[in-house]
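Every number here is computed from the coordinates shown, using simple stated rules; none is lab data. This one's a predicted model, so the numbers in the text were calculated from it and none came from an experiment. Heads up, the Cβs are rebuilt from the backbone with ideal geometry, glycines too, and the neighbour counts pull from every protein chain shown.
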Amino acid sequence: MTKKAKLAEQIIERLKIEYPETQCTLDYDDAWKLLVSVRLAAQCTDARVNVVVEDLYRKFPDVNALADAEVDDIEAIVKPCGLGHSKARDISACMKILRDEYGGKVPEDFDALLKLPGVGRKSANLIMGDVFGKPAIVTDTHCIRLVNRMGLMDGIKEPKKVEMALWKIIPPEESNDFCHRLVDHGRAVCTARTKPYCDRCCLADICKKTGV
């Protein structure tokens, strides 16, 4: 086992204790809703997305309704999430594909997910992990910031490169929850907009960047 794999093992175990009930912070009760929410979450907080989608689903309660909706009508609702037109356009196109090619269901295939409008590797991994229970590494801003601070990465900031490097040191069965716990820790302790709270961090004694 490499030094980074051993460090990853320690980090995983400590974060499990610190955040035992981790989960995705986007609200959804169906796979297609998570697909919509993760698109809206780009450059927007999960909390705001959770509020906005309530109005969206009230007016368009299923895949068919969203697929049939005018892009302008979708945009009018999702505008508070920012980038309203591009997000509405992608959601509309995505729902049409789900309706026409997948019987209204979200495909359980990573490459098929990547072909959907507005779906990148981060979104596809989130769907694979949270909806289908498959190994998944979601390289969002929290993940990238924390793994570099902790010493699991050496200045790697490009999401796909971080993802590929993490696959080598994170056990597949731990991957999905590990990424959710990074979000939990990044919001509560290892923050981005303030100096991280290293004095109350469960990883302080093993973190490469403590105090930085």
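Points worth noting:
- Scanning region 163-202 for residues that are closer than 11 Å to Leu146 by Cα and not charged (D, E, K, R) yields Cys179, Leu182, Val183, His185, Gly186, Val189, Cys190, Thr191, Ala192, Pro196.
- Asp72 meets each of the listed conditions (1) surrounded by 14 or more Cβ atoms within 10 Å (Cβ to Cβ); (2) acidic (Asp, Glu); (3) touching a residue at least 12 places away in the same chain (Cβ under 8 Å) apart from (1).
- Selection of region 1-14 for residues being aliphatic (A, V, I, L, M), out of contact with any Phe, Trp or Tyr (no Cβ under 7 Å at 6 or more places or on another chain) and part of a helix (DSSP H, G or I) yields Ala5, Leu7, Ala8, Ile11.
- Scanning region 15-68 for residues that are in a helix (DSSP H, G or I), of a type in the set (S, T, N, Q) and either crowded, with 20+ Cβ neighbours inside 10 Å or free of Cβ contacts under 8 Å to residues at least 24 places away in the same chain (or both) turns up just one, Ser37.
- Considering the conditions (1) in a loop (DSSP other than H, G, I, E, B); (2) in contact with a Pro (Cβ under 8 Å, 6 or more places away or on another chain), Ala93 is excluded by exactly one of them, (1).
- Helices (runs of 4 or more DSSP H) completely within region 104-212 that count 3 or more residues being over 30 Å from Ile91 (Cα atoms): 141-150, 172-188
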